[in-house]
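Written out below as structure tokens is the structure these notes cover.
Nothing in this text is a laboratory measurement; each read-out follows from the coordinates by a stated rule. Treat the numbers as computed from the prediction; the structure is a model and nothing was measured. Glycine also receives a Cβ, built like all others from the backbone with ideal geometry; neighbour counts cover every protein chain displayed.
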Amino acid sequence: MKRRLHNNDPDPISTPHPPTIINKTSTIWKVLLIFISSSLFFFFTSPQLRDIPPPHSLYNGLRSAFKQVHDPSEPKKIKILHVITSLTEFDTGSRGTDKGASRLLLKLLPVLLSTLSTLIPSPSPQKFVFEVDVHLVLGYTLSSENVEIIEQILAQYNVGLKYWNDAVPLALDPQTGTVRPINRSLARQYRFLFGENINNYDLFSAWEDDMGILGGQVVNFLEIVDAIEAAKKEGSEGKEGSEGSFGKDYSGKVSAEQYDKMIPGFIRVEMIEGETEREGEEEKEGDKLNYDFSKECCKKSKKALVAWEASIDSFRLRLLQFPHDERQNNGKGISPLFALLPVAGQKEKNELGGIWASENGNRKNGDPNTFSQQAGILATKAHLLHLNNTCQGGFLPPFRMKDGGVWNNVEFWSGGFQLFGAKHCGMQRIISLEAERFKKSLIYHTSNNKQFTIGKERMVDVEGMYQQLAAFGKKHVSM
């Protein structure tokens, strides 16, 4: 039987939820007694306190104060809030889209189904069991007919549904003196849902409506996050290297502070239209390199993939020695060779070191051609609390920005310029160069239209890019 949530919440911040009323005084005392007793028991028996930064005062509470004890022999239950942002119900014909086509039924829903069908049941049931609630953030009003269609589809996955109609924020335009909707700031609104639900979920996912996040990518994200957390406990004090080590050193010690800034990253890709199935390329030894990246990210086998905001110029390579975990990589643990994506505006000083994979590496770290916008975010509760305490201007509402940041663009809120910008949050994206993990860092842009609206010189063959990175790492980065 499906879990039915509130199915229309136009403003999750300003509209309070009605409190539950318990009429009998004796029942209230019983509930209070049980709560106090269980809280005291948990306080005196819990072996570990949370090692995350103190949360914003809005989110104080017992649930943020203690670390949950988990039996590693049992799968970890992960509750996910999955948010999809969609400005228009129908395509406008711009950027290579078909004017009048239902974006809701032909893009948003198929993408959502791909996500749910690869999460439930879990692609890694021995490690994770997922429970998902979906919240749509819409720039239009969802009709009752479409609500019924969506609910019928989600029922088979036992997924809860909420939606926020007409969620585009309004602001006073200083040039015209009138109040008008700010369409580009629809990308901001998922932050309100994250803030409101900070204590209700373990993993927070928010994507533009044509980004195809799948279960394998979620599992890979969580596995690397767990490895980062384990390594952070062994991190050295202070920062690694010396002045100028930024583009050179690839094996220095990593501090706990630097581990706090690490997060698994994603690269947007598209499938080449009309491409026939690819054969594996021959190596000198005669082995075939059948990576089949498209099967993992796009659910179609042996298709050519292109990226347009990532190339070999985007990456620095380095070694990250994570504690050995028998459950990772068939008992071999996580391979230590990683690629680092740019942090916009990062200066070449005592930051996390890595050797440039190209002579034309993105030294400025802000070039949009190599920055790799990812059009969404995947983050744990601990990530959100850390970001809200460390990002200039804040990460969750109330924002410490002029006009609540309403004039910032989509690239700021969901593309990554705040999250991965040095003057804002400064998070360092890492991508494993182990082939099986690298393919799970690719995320499909299902509109598949960038290849027709951006110059061909920007298109980079993903398999070729990976082969270059892997070969460079093998030659120049000692294990």
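Working note: Cα gyration tensor of the stretch 130-183, eigenvalues times five, square-rooted, sorted largest first, giving semi-axes of 33, 12, 5 Å. Over all pairs of different C-alpha atoms, the stretch 395-470 has a mean inverse distance whose reciprocal, the Kirkwood radius, equals 15.5 Å. Calculation over all alpha carbon pairs of the stretch 106-154 in 5 angstrom steps from 0 returns a P(r) of 4, 16, 25, 24, 13, 10, 5, 3, 0 percent.
Computed from label points 7 Å out along Cα-Cβ, the spacing between ILE272 and ILE153 is 3.1 nm.
When the convex hull of its Cα atoms is viewed from all sides, the stretch 353-479 shows a mean projected area of 10.1 nm². Placing a label point 7 Å from the Cα of ALA101 along the Cα-to-Cβ direction, the residues of the stretch 109-144 with a backbone N closer than 19 Å are 109-115.
The residues packed around VAL111, meaning those with a beta-carbon under 13 Å from its beta-carbon, carry a net charge of 0 if Lys and Arg are +1 and Asp and Glu are -1. Peptide packing: for 86-98, 459-471, the average count of neighbouring Cβ atoms within 10 Å per residue gives the ranking 459-471, 86-98, highest mean first.
Close amide-amide hydrogen proximity is noted between LEU87 and GLY139, each under 5 Å apart and 5 or more residues distant or on a separate chain (H modeled in the peptide plane; Pro and chain starts excluded). Compactness ratio for the stretch 75-217: Cα radius of gyration over 2.2 N^0.38 Å (N = residue count) comes to 1.14.
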